[in-house]
Amino acid sequence: MLLARGDDRARSGDPRAAVSFYQEALRRAGAKRFVDPGAIAGLRRAQAFIQERMKDFGQSLDVALQDVQPDSSIAALRLTHAVEMVKGSRGIFPQQPSMLYYPYLAQRQYFEREEFGWATELEAATTDIGRELAALLDEGADFSPYVEDSPDRPQRDFHGLNNSRAWTALYLWKHGTPVHEMAERCPATTAALAKVPLSRIGSRTPSVFFSRLEPGAHIPPHTGMLNSRLICHLPLIVPPGCWLRVGNEVREWEEGKLLIFDDSIEHEARNPTDEVRIVLIFDIWRPELSAAEREGISAIFNAIDAFRGVPSE
């Protein structure tokens with residue numbers, strides 16, 4: 001009945017009504033365990049009609065916006081992504097932090113390097129940082145699994161990466177405290193990071209480390225613990241083809257070019273090559289937050305850790 005009514009509206013020149021009937025017919029068919037074989041041809045015809053209408057709709061959107069010229073690259077990105085979401089070609093990925101959601105912060109997947117005054121100077125130190133990393137590798141520095149089980153907590157499987165050597169880390173800061181031995185061995189890295197607004201959240205951050213992803217390794221989709229910080233990647237050893245997806249956007253790491261993103265939005269990473277990938281990872285405050293807000297967020301986590309019996313650093 002719905003297919004017939006959709007066909008009738010299509011013949012009478014009312015495509016919007018036809019799409020409504022066809023969509024409902026497809027929805028109901030999808031909810032059934034078995035579909036009448038005699039209806040399959042009609043359902044395929046309905047689906048093709050909807051796809052053609054969506055194509056026409058997308059073209060009409062492009063025409064409507066062809067003379068609109070946003071006044072900045074960020075505005076252009078927002079507008080482009082909004083249109084793609086209306087077209088259905090781009091999904092919506094909200095912030096979903098595992099511990100603390102700080103309200104009313106913009107839902108942005110990536111932030112651009114040009115937005116941060118310290119980024120150029122840090123990128124300029126890539127060669128020196130890479131030289132220190134190479135020395136650590138030559139000395140056989142002990143990278144440890146990024147996901148390690150704790151004897152004081154129940155084991156929770158993290159996509160099979162618990163205690164895995166596929167994804168390892170070598171820390172310069174851990175649990176908000178510098179790893180002094182590493183800092184002494186990496187003076188150029190430490191000096192470069194001293195000019196960066198690292199987040200300081202109780203005994204949780206800063207977290208600064210060389211992140212190593214083995215050939216073929218995949219970090220499955222997951223979200224971070226809070227949305228009031230941003231994660232920064234400075235690529236140091238990056239074979240072509242290694243990528244990071246945040247929400248609905250995939251970017252490849254490029255040596256010496258920062259990637260900055262909100263890790264409370266679903267993200268994943270893959271090294272599809274036969275070589276090792278290493279990036280320097282650190283976290284910074286969201287730039288929108290005032291000093292008082294930063295202090296308050298840190299106090300929240302201090303209270304959480306005190307309640308849980310986590311010793312302060």
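Here are the numbers for the structure shown:
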{"quantity": "Segment 121-141 residues that are without any contact (Cβ under 8 Å) to a residue 40 or more places away in the chain, paired with ones that are surrounded by 16 or more Cβ atoms within 10 Å (Cβ to Cβ) and not β-branched (Val, Ile, Thr) (beta carbon under 7 Å, 6 or more apart)", "calculated": "141/170"}
{"quantity": "Subset of segment 1-46 [within 38 Å of the chain's Cα centre (by Cα) and of a type in the set (Lys, Arg)]", "calculated": "16, 27, 28, 32, 33, 44, 45"}
{"quantity": "Lone qualifier among 224, 296, 309 - being among the small types (Gly, Ala, Ser), at pLDDT below 95 and under 25 Å from residue 92 (Cβ atoms)", "calculated": "224"}
{"quantity": "Selection status of residue 87, among the basic types (Lys, Arg), out of contact with any Leu (no Cβ under 8 Å at 6 or more places or on another chain) and without any contact (Cβ under 8 Å) to a residue 60 or more places away in the chain", "calculated": "no"}
{"quantity": "Leading residue by the ranking (farthest from residue 141 (Cα to Cα)) among those in segment 178-222 that are over 21 Å from the mean Cα position of the chain (by Cα) and among the hydroxyl-bearing types (Ser, Thr, Tyr)", "calculated": "203"}
{"quantity": "Filter result for residue 213 (more than 22 Å from residue 93 (Cα to Cα), at pLDDT 95 or above and in contact with a Leu (Cβ under 7 Å, 6 or more places away or on another chain))", "calculated": "no"}
{"quantity": "Residues being over 16 Å from residue 102 (Cα atoms) and without any contact (Cβ under 8 Å) to a residue 12 or more places away in the chain - total across segment 278-292", "calculated": "0"}
{"quantity": "Subset tally (residues that are basic (Lys, Arg) and either within 30 Å of residue 14 (Cα to Cα) or not in a helix (DSSP H, G or I) (or both)) for segment 53-83", "calculated": "2"}
{"quantity": "Flag for residue 143 being assigned by TED's automatic domain parsing to the domain that holds residue 297 and within 15 Å of residue 229 (Cα to Cα)", "calculated": "no"}
{"quantity": "Any hit, segment 225-233, residues being touching a strand residue (DSSP E or B) at 6+ places or on another chain (Cβ under 7 Å), crowded, with 19+ Cβ neighbours inside 10 Å and farther than 21 Å from residue 96 by Cα", "calculated": "no"}
{"quantity": "Top-ranked residue in segment 93-118 [being in contact (Cβ under 8 Å) with a residue 60 or more places away in the chain and over 24 Å from residue 298 (Cα atoms); ranked as surrounded by the fewest Cβ atoms within 10 Å (Cβ to Cβ)]", "calculated": "115"}
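Okay, residues lined up against (1) within 30 Å of residue 111 (Cα to Cα); (2) free of Cβ contacts under 8 Å to residues at least 24 places away in the same chain:
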site	(1), (2)
33	no, yes
37	no, yes
47	no, no
53	no, no
59	yes, yes
65	yes, yes
74	yes, no
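The values are calculated or read from the model by the stated rules, or taken from the named source; none is laboratory data. Small disclaimer: the values here were computed from a predicted structure and weren't measured. Here the Cβ is made from the backbone with ideal geometry for all residues, glycine too, and neighbour counts use every protein chain on show.
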